[in-house]
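Okay, so here's the structure we're looking at.
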Amino acid sequence: MYLNPGDIAPADGILVRSYGVTVDESALTGESKTIEKGTDDPFIISGSSVVEGTGEMIVCCVGKNSTLGKHHKLILQQHSDEATPLEDKLAQIGFHIGIVGAIAAILIFVALSAFILSDIVEAGTWDSESTEKMFTAFIFAITILVVVIPEGLPLAVTLSLAFSMRKMKEENIFVKHLKACETMGGCQELLIDKTGTLTKNEMKVVKVLIGLKKANTKTPEVDPEVTKTLAIAVARNTTADVHSVDGNIEKAGNRTECALLMFLMDWGLNYHQYRNMRTQVMQVPFNSLVKMMSTFNVETTEDSALYIKGAPERIMRRCSHMLNPDGSVTEITSEDKEKVKAKLMLWSQKSLRTIAVAYKTGSVKELGLNDNPNKDQMDNAANGMVLVAIFGIEDPVRPEAKEAIETLRKTGVTVRIITGDNPDIASRIGKHCSILPSDYDYKPENDTIILGKDFDRRTGGLIVKEENEEISYAMGNEKEFKKIEEHLRILARCSPQDKLLLTIGMRGLGRIVAVTGDGTNDAAALQRADIGIAMMTATPMAKEASDIILLDDNIQSIVTAIKW
């Protein structure tokens with residue numbers, strides 16, 4: 001099977017020929033980073049999309065045997081026999097009312113029978129009239145027993161839920177199953193994804209370093225030549241595309257590259273006029289080993305340029321000079337490198353993703369290249385570069401997230417973050433959203449933040465049983481889980497299995513659990529939760545497994561759903 005950019009793999013396979021194939025497996029794994037496929041990792045998972053490069057793969061598993069098929073099998077399993085919290089309460093109310101009614105009916109029958117028997121004793125005879133009175137007393141007791149049962153209650157509840165369902169639709173909450181309306185109102189635990197729910201799920205440039213000075217991310221307050229050089233260095237060494245459709249910004253390609261292009265647009269620059277694909281001779285996609293992407297453009301034999309971008313520590317090693325905000329180019333000293341390193345350290349503490357851009361111009365011969373360079377020649381030529389800028393990129397937290405979580409806490413809902421990010425990033429998000437105290441300091445021995453692998457080890461992992469094509473799950477060590485959940489607020493570096501394990505554990509404690517998700521990998525947890533909440537941007541499989549879909553992908557809508 002041939003793979004091209006934009007394709008979604010319909011089956012599992014092994015890549016046998018790759019020309020810079022990079023795939024996005026976020027729909028299945030939850031990891032937002034793209035993955036380069038090759039000899040080290042040749043496995044293609046069904047449902048993953050090709051971001052860059054072309055290749056050929058041998059198809060190994062299709063249909064229900066593929067990764068996507070196995071996820072689909074999970075959500076096809078129906079659990080309609082499970083009663084909702086309201087159904088349990090109505091059953092309890094009905095039972096207690098039945099008991100009270102039965103006792104009342106018996107007492108009334110006994111009392112009436114006593115009066116009738118006393119009359120019979122006085123009369124000294126049992127006639128047909130006495131029999132009729134006893135039968136009437138029995139019918140009266142039965143009537144009381146029947147009237148006590150609230151037969152109109154189910155209808156009243158259904159009408160009430162239907163009204164709530166209609167109102168929730170008006171507030172961007174699409175309810176797929178009627179029972180979700182009442183179950184959401186009794187929610188006790190909310191296991192929430194960081195990406196796309198607490199954050200906007202869009203990378204954005206928030207810091208720019210040109211030379212040794214921070215630049216404004218909104219307006220180009222630098223020399224016009226610096227603006228032009230930066231625009232060319234970014235536009236020509238990216239493959240992503242950002243364009244406006246009916247007033248909405250649509251992005252295609254690598255998320256980090258989209259953030260850089262959006263930065264140029266914020267500066268009022270049209271990157272298309274700088275990209276100039278006609279002059280592009282060679283482009284080497286990002287490689288995880290050298291942590292760099294490079295592009296070679298040739299206007300004429302005497303006018304060519306080499307552009308590189310990648311991890312700042314790797315790019316700076318290849319740079320001998322740097323571009324300053326005033327347009328001057330100066331040599332990079334060891335002191336300059338230390339200053340830049342100090343700034344990058346501060347950015348890393350704020351959990352920013354950093355990327356550096358550099359260039360070198362001259363004739364083709366001066367650059368040490370030819371008209372058709374190969375990958376190794378491009379790598380060897382990328383030295384003595386001019387550092388243009390270093391960008392700090394983040395996925396911004398939604399402004400309404402903090403208020404929404406504080407409201408949820410007041411209503412008695414415990415919010416726990418489930419994320420694939422490292423503990424430092426998760427801790428920062430947790431403090432920003434008031435899930436963690438502002439002075440919280442992450443310590444591995446503290447159960448407030450636990451890594452997925454440690455959580456799996458301590459709880460005994462997920463026990464999967466398959467019988468008659470029905471899959472059931474259990475937790476290995478429930479006693480240890482009870483100790484962990486008292487303090488657990490963030491599960492970091494977790495896998496889809498860890499998310500499912502936490503969901504099953506919480507339900508095992510008798511809690512009403514709501515789970516949010518947007519990827520195919522979340523389908524199992526969404527299906528096993530009391531309320532599965534999918535984002536509007538979620539994959540079709542995640543939506544199918546959910547009970548509620550948030551049409552605006554807004555955490556505030558979860559508060560609204562609980563209100564109704």
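Just a few scattered comments:
- Residue in the range 337-348 that is crowded, with 18+ Cβ neighbours inside 10 Å, hydrophobic (A, V, I, L, M, F, W, C) and over 30 Å from Pro396 (Cβ atoms) present: no
- The single residue among Thr459, Thr516, Thr537 that is of a type in the set (Ser, Thr, Tyr) and touching a Ser or Thr at 6+ places or on another chain (Cβ under 8 Å) turns out to be Thr516.
- Ser244 satisfies every condition listed in (1) assigned to a helix (DSSP H, G or I); (2) closer than 30 Å to Gln556 by Cα except (1).
Each row is one residue, and each column tells you yes or no for (1) free of Cβ contacts under 8 Å to residues at least 24 places away in the same chain; (2) part of a loop (DSSP other than H, G, I, E, B).
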residue	(1), (2)
Leu145	no, no
Pro154	no, no
Val157	no, no
Ser160	yes, no
Ser164	no, no
Lys169	yes, no
His177	no, yes
Glu182	no, no
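- Restricting attention to the range 429-441, the residues that are assigned to a helix (DSSP H, G or I) and not aliphatic (A, V, I, L, M) add up to 3.
- Filter result (in contact with a Phe, Trp or Tyr (Cβ under 8 Å, 6 or more places away or on another chain) and part of a helix (DSSP H, G or I)) within the range 492-507: Asp498, Leu500, Leu501, Leu502, Ile504, Gly505
- Within the range 31-68, tally of residues that are under 26 Å from Gln527 (Cβ atoms), outside any strand (DSSP E or B) and modelled with pLDDT of 80 or more: 10
- Positions within the range 532-548 being surrounded by 20 or more Cβ atoms within 10 Å (Cβ to Cβ), in contact (Cβ under 8 Å) with a residue 24 or more places away in the chain and touching a helix residue (DSSP H, G or I) at 6+ places or on another chain (Cβ under 6 Å), in sequence order: Met535, Thr539, Met541, Ala542, Ala545, Ser546, Asp547, Ile548
- Cβ-Cβ under 6 Å pairs, at least 6 apart or on other chains, the range 499-528 side closer than 18 Å to Val415 by Cα and open to solvent by less than 10 Å² (accessible area, probe 1.4 Å), far side part of a loop (DSSP other than H, G, I, E, B) and of a type outside the set (Phe, Trp, Tyr): Thr503/Ala529; Val513/Ala529; Val513/Asp530; Ala514/Cys187; Val515/Ala529; Leu526/Ser546
Residue-by-condition table, conditions (1) open to solvent by 30 Å² or more (accessible area, probe 1.4 Å); (2) closer than 21 Å to Val23 by Cα:
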{"site": "Ala215", "(1), (2)": "no, no"}
{"site": "Glu221", "(1), (2)": "yes, no"}
{"site": "Glu225", "(1), (2)": "yes, no"}
{"site": "Ala231", "(1), (2)": "no, no"}
{"site": "Gly247", "(1), (2)": "yes, no"}
{"site": "Phe263", "(1), (2)": "no, no"}
{"site": "Gln280", "(1), (2)": "yes, no"}
{"site": "Ser294", "(1), (2)": "no, yes"}
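- Given (1) part of a loop (DSSP other than H, G, I, E, B); (2) free of Cβ contacts under 8 Å to residues at least 60 places away in the same chain; (3) in contact with a helix residue (DSSP H, G or I) (Cβ under 6 Å, 6 or more places away or on another chain); (4) polar (S, T, N, Q), number of the condition Thr354 does not satisfy: (1)
- Top-ranked residue of the range 386-428 - restricted to ones that are hydroxyl-bearing (Ser, Thr, Tyr) and not in a helix (DSSP H, G or I), ranked as most open to solvent (accessible area, probe 1.4 Å): Thr411
- Test for Ile315: is it within 25 Å of Pro423 (Cβ to Cβ), at pLDDT 90 or above and among the β-branched types (Val, Ile, Thr): no
- Contacts under 7 angstrom Cβ, first residue in the range 202-223 being in contact (Cβ under 8 Å) with a residue 12 or more places away in the chain, partner part of a loop (DSSP other than H, G, I, E, B) and hydroxyl-bearing (Ser, Thr, Tyr), 6 or more apart: Val205/Thr217; Val206/Thr217; Val208/Thr217
- Any chance Ile490 is open to solvent by less than 10 Å² (accessible area, probe 1.4 Å), under 18 Å from Ala404 (Cβ atoms), of a type in the set (Val, Ile, Thr) and out of contact with any Ser or Thr (no Cβ under 6 Å at 6 or more places or on another chain): yes
- The single condition from (1) in contact with a helix residue (DSSP H, G or I) (Cβ under 9 Å, 6 or more places away or on another chain); (2) over 21 Å from Gly196 (Cα atoms); (3) not in a helix (DSSP H, G or I); (4) not hydroxyl-bearing (Ser, Thr, Tyr) that Ala514 fails is (2).
- Among the helices (runs of 4 or more DSSP H) confined to the range 251-350, the ones with at least 2 residues that are more than 30 Å from Lys365 (Cβ to Cβ) are located at 255-266, 334-349.
- For Asn372, the test of being among the polar types (S, T, N, Q), open to solvent by 10 Å² or more (accessible area, probe 1.4 Å) and not in a helix (DSSP H, G or I) is passed.
- Tabulated pairs, the range 224-252, first farther than 15 Å from Asn270 by Cβ, second open to solvent by 10 Å² or more (accessible area, probe 1.4 Å) and of a type in the set (Phe, Trp, Tyr), C-beta under 8 angstrom, 6+ apart or interchain: Thr229/Tyr359; Ala233/Tyr307; Ala233/Tyr359; Asn237/Tyr307
The values are calculated or read from the model by the stated rules, or taken from the named source; none is laboratory data. Values in this document were obtained by computation on a predicted structure and should not be read as measured data. With ideal geometry, Cβ positions are generated from the backbone for all residues, glycine too; neighbour counts draw on all protein chains shown. Surface areas here come from the heavy atoms of the whole protein model, side chains and all, with no ligands, DNA or RNA. Shrake-Rupley method; radii C 1.70, N 1.55, O 1.52, S 1.80 Å.
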